[in-house]
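Asks: Quick one: structure below, then a few questions.
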Amino acid sequence: MQSIWRETSDFRERPALSGDITAPVAIIGGGLAGILTACLLRQKGIESVVLEANRIGSGQTQNTTAKITSQHNLIYTKLFQNFSEEEAKQYASANQQAIGRYRQMITQEQIDCQFEERPAYLYSVDREDIPALEMEVEYACRAGIHAELTKKTTLPFEIAAAIQFGGQAQFHPLKFLQAISEPLTVYEKTKVLSVEGKSVVTDRGTVTAEHIVFASHFPFVNAPGYYFMRMYQERSYALALQNAVKLDGMYLGIGEKGLSMRNYGDTLLLGGGDHRTGENKAGGKYDMLREVAALFYPQSKELAHWSAQDCMTLDSVPYIGQFSSSTPNWYVATGFGKWGMTSSMVSAILLSDQIAGDENPFAPVFSPSRFTPGASAKNFLSGMGQAVKGLAKQTFSLPDADAAEPQTLPDGHGGMVIADGKKAGAYKEEQGDVTAVSIKCPHLGCQLEWNPDEKSWDCPCHGSRFDAKGGLLEGPAQTDLEEIPT
Ligand code: FES
């Protein structure tokens, strides 16, 4: 099912690239980060071309809950623990500036995208979390944000406490994207295959550019940069509910069971069920959200459901800046966590400054070459552990004891099977047709896991995803899965 944003927007089609061209800047990825970067470069008088494998906004921009906020879970506590006070202030200032830049663009260009100023709340229902919330308020204030603790919210359940940030915002991301992309040169259905020096090779021709920006969610180039060793991906789920409630702001609960809530007009967007990509064997994430909706809003009606995929960095701060020390003309914007709207604007401001040769005061905290061992070591080791487990499973393990012949799967279900004498993944359609695919991830070979909520094959190592028939949904993998005869 499509997100409510996609259902309520309509982009004009753009041509695919046809042949070789040159451009001052080539931007890979036609999501919010890529399009905004092209837009701010244009404001500086620098033209660019955007290369999009599918359609504008067809990646994570269409799956967000579209909160524009500098309140990013308990980020200020982490920043003060792992970065300098100066860098913590850079982070706060960059995100506050991003909110202001959205407000300015939308007002000046009169963009009709339901932009509304709302407070943002980070809440907990557990009294044991109060000290952590108090500490976050203290650090957020030291970083320059006006934050305060409150117990007053419009949530339908009692909370222990919540942190309130004023002056935050929400909008319709695709209506905004549609408006700002209008004057830009965008090539759709143009898949980038490789990047070498100043050449971006696509399936439709080559773009030669002085500057190249990777804004494609997860950079697909393994080396240099090695982003696959410095990030993992998470999935989360959302429902759009009619007849639920009108909240005064945007909410997020801390902890694994925390819920995300905001209104879009009279519709409530209810999100949650976060898990590392490739770790949802049991499924049931949408059902969990439906149970929450039935409990608190029994009269509500589900209009849409969808899921999102987020790149998480080891220290919780995005990587925005020079791609690697050996590629001075390459730039990257990735690892936005759950905060893609604000991080996209931060990326556009920072990268357009860097490409134009202008100083940017908050570049150090986002630098992809930063070194934060305190925050990164634990996550790095757990990521490596995950990768080793995924590879070992694929290389050594026999099929699961419950792996069966493909035809024995129930209709509408997927799972591991034995096909052609080998371990494989299979999906049996409602009508009984079966497709079997290799479950060896084409990125670096980890074993894929079936996600029953999305009917997809997901990689626990770096988060690549494939549909039930093996078609590539999300990178860093670049190719489909191999089909196996059944
Ligand atoms: Fe890297 Fe699958 S995404 S091995």
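Asks: Select the strands (runs of 3 or more DSSP E) contained entirely in region 130-205, then report the ones holding at least 1 residues which are free of Cβ contacts under 8 Å to residues at least 24 places away in the same chain.
Replies: 147-150, 192-196, 199-202
Asks: Suppose we filter Q478, Q407 for residues that are within 16 Å of the ligand (Cβ to nearest atom), open to solvent by 30 Å² or more (accessible area, probe 1.4 Å) and touching a residue at least 60 places away in the same chain (Cβ under 8 Å); which single one remains?
Replies: Matching residue, one of Q478, Q407: Q478.
Asks: Go through A223, A240, A161 for me and flag whichever is touching a His at 6+ places or on another chain (Cβ under 9 Å) and small (G, A, S).
Replies: Going through A223, A240, A161 in turn, the sole match is A240.
Asks: Out of all the residues in region 40-60, which are at pLDDT 95 or above, in a helix (DSSP H, G or I) and surrounded by 19 or more Cβ atoms within 10 Å (Cβ to Cβ)?
Replies: If the condition is that a residue be at pLDDT 95 or above, in a helix (DSSP H, G or I) and surrounded by 19 or more Cβ atoms within 10 Å (Cβ to Cβ), then L40, L41 are the ones that fit.
Asks: Restricting attention to region 247-273, and to residues there that are open to solvent by 20 Å² or more (accessible area, probe 1.4 Å) and without any contact (Cβ under 8 Å) to a residue 60 or more places away in the chain, which single residue is nearest to K151 (Cα to Cα)?
Replies: K257
Asks: So which residues in region 190-228 are open to solvent by 50 Å² or more (accessible area, probe 1.4 Å) and under 30 Å from Y286 (Cα atoms), if there are any at all?
Replies: If the condition is that a residue be open to solvent by 50 Å² or more (accessible area, probe 1.4 Å) and under 30 Å from Y286 (Cα atoms), then H217 is the only one that fits.
Asks: How many residues are under 16 Å from L409 (Cβ atoms), outside any strand (DSSP E or B) and either touching a strand residue (DSSP E or B) at 6+ places or on another chain (Cβ under 7 Å) or within 9 Å of the ligand (Cβ to nearest atom) (or both) when one looks only at region 430-447?
Replies: Total meeting the criteria: 1.
Asks: List the number of the failed condition for E13; all other conditions in (1) of a type in the set (D, E, K, R); (2) in contact with a helix residue (DSSP H, G or I) (Cβ under 6 Å, 6 or more places away or on another chain); (3) farther than 22 Å from A238 by Cβ hold.
Replies: So the condition that E13 fails would be (2).
Asks: Here is a check on your reading of the model: is S70 of a type in the set (S, T, N, Q), open to solvent by less than 10 Å² (accessible area, probe 1.4 Å) and in a loop (DSSP other than H, G, I, E, B)?
Replies: Spelling it out, S70 is indeed of a type in the set (S, T, N, Q), open to solvent by less than 10 Å² (accessible area, probe 1.4 Å) and in a loop (DSSP other than H, G, I, E, B).
Asks: So which of A308, A294 ends up being small (G, A, S), out of contact with any His (no Cβ under 9 Å at 6 or more places or on another chain) and in contact (Cβ under 8 Å) with a residue 24 or more places away in the chain?
Replies: A308
Asks: Condition first: in contact with a His (Cβ under 8 Å, 6 or more places away or on another chain), within 16 Å of the ligand (Cβ to nearest atom) and either open to solvent by less than 30 Å² (accessible area, probe 1.4 Å) or modelled with pLDDT under 95 (or both). Can you find one or more residues in region 381-400 that meet it?
Replies: Yes: one or more hits.
Asks: From the residues in region 453-475 that are buried (at least 18 other Cβ atoms within 10 Å of the Cβ) and over 20 Å from the mean Cα position of the chain (by Cα), which one is farthest from the ligand (Cβ to nearest atom)?
Replies: So, considering only residues that are buried (at least 18 other Cβ atoms within 10 Å of the Cβ) and over 20 Å from the mean Cα position of the chain (by Cα), the one farthest from the ligand (Cβ to nearest atom) is A468.
The values are calculated or read from the model by the stated rules, or taken from the named source; none is laboratory data. Note that this is a predicted model, so its numbers are computed, not measured. When we count neighbours, we look across all protein chains shown, and the Cβ atoms used for this are built from the backbone with ideal geometry, even at glycine. Surface accessibility is based on the protein's heavy atoms, side chains included, excluding ligands, DNA and RNA. Shrake-Rupley method; radii C 1.70, N 1.55, O 1.52, S 1.80 Å.
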